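Student: Sharing a structure below in structure tokens format, with a few things to ask.
Each reported figure results from applying straightforward, stated rules to the coordinates on display, with no laboratory input. Treat the numbers as computed from the prediction; the structure is a model and nothing was measured. FYI the Cβ positions are ideal-geometry reconstructions off the backbone, even for glycines, and counts take in every protein chain you see.
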């Protein structure tokens, strides 16, 4: 978080034991509990298992 990270894309979601909402909620809860998380400073997305993800601008 302190390195200037702007975008995070959660991936590797299995069909059997994980789903996007749970992955997102888990990461958000961990960020809030482990640091001074500012939800406006970073974008967190979840990759789709069955379709291409949106293009992320890694330079921004």
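Student: Any chance you could get the radius of gyration and Dmax over the Cα atoms of the range 1-54, in Å?
Tutor: 12.1, 34
Student: Hey, what did the range 5-60 get for relative contact order, percent, Cα under 8 Å, at least 6 apart?
Tutor: Working: 43 pairs, mean separation 31.3, N = 56.
Relative contact order, the range 5-60: 56 percent.
Student: May I pose another question? Round to the nearest 10 and give me the degree value, 0 to 90, for the angle of helix 20-34's Cα axis relative to the longest principal axis of the chain.
Tutor: It is inclined by approximately 20 degrees.
Student: Okay, next question. Is it possible to state the helix-based mean residue ellipticity at 222 nm for the chain, with each DSSP H run of 4+ residues giving -39500 (n - 2.57), the sum divided by total residues, to the nearest 500 deg cm²/dmol? What is it?
Tutor: Numbers: 1 runs with 15 residues, N = 60.
Result for the chain: -8000 deg cm²/dmol, rounded to the nearest 500.
Student: Under 18 Å from the 7 Å Cα→Cβ point of residue 42, by amide nitrogen: which residues of the range 1-31?
Tutor: Of the residues in the range 1-31, 1-12, 21-31 have backbone N under 18 Å from the label point off residue 42.
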